[in-house]
1. Can you say whether residue 31 is loosely packed, with under 10 Cβ neighbours inside 10 Å, part of a loop (DSSP other than H, G, I, E, B) and more than 13 Å from the chain's Cα centre (by Cα), as far as the supplied structure shows?
2. Would you pick out the residues in region 45-57 that are surrounded by 10 or more Cβ atoms within 10 Å (Cβ to Cβ) and in a helix (DSSP H, G or I)?
3. For region 14-28, give me each residue that is loosely packed, with under 11 Cβ neighbours inside 10 Å and farther than 26 Å from residue 55 by Cβ.
4. Does residue 9 satisfy being surrounded by 10 or more Cβ atoms within 10 Å (Cβ to Cβ) and at negative phi?
């Protein structure tokens, strides 16, 4: 199935909403998409950096809002 969107007529906000809708749909069936083998190693390395204080994080909702604020 080919889907054509009027990307040249869409605002950045429209495009981001479409991406979020697609991601939400894919996430509902996450068991169908196994993580690649290297993913566990990356997660472990990040967990170690968090534990040592070398890295910090923000809540996902806050991160999305910060990105939107920068882009819109």
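A short reminder: the numbers here are calculations on the coordinates, not readings from a lab. Predicted, not measured: the structure shown is a model, and the values here were computed from it. FYI the Cβ positions are ideal-geometry reconstructions off the backbone, even for glycines, and counts take in every protein chain you see.
1. Values: loosely packed, with under 10 Cβ neighbours inside 10 Å: yes; part of a loop (DSSP other than H, G, I, E, B): no; more than 13 Å from the chain's Cα centre (by Cα): yes.
When the stated conditions are applied, residue 31 does not pass them.
2. If the condition is that a residue be surrounded by 10 or more Cβ atoms within 10 Å (Cβ to Cβ) and in a helix (DSSP H, G or I), then 45, 46, 47, 48, 49, 50 are the ones that fit.
3. At the first step, the residues of region 14-28 found to be loosely packed, with under 11 Cβ neighbours inside 10 Å are 19, 21-25, 27-28.
Of everything in region 14-28, those that are loosely packed, with under 11 Cβ neighbours inside 10 Å and farther than 26 Å from residue 55 by Cβ turn out to be 21, 22, 24, 25, 28.
4. Details: surrounded by 10 or more Cβ atoms within 10 Å (Cβ to Cβ): no; at negative phi: yes.
In short, no.
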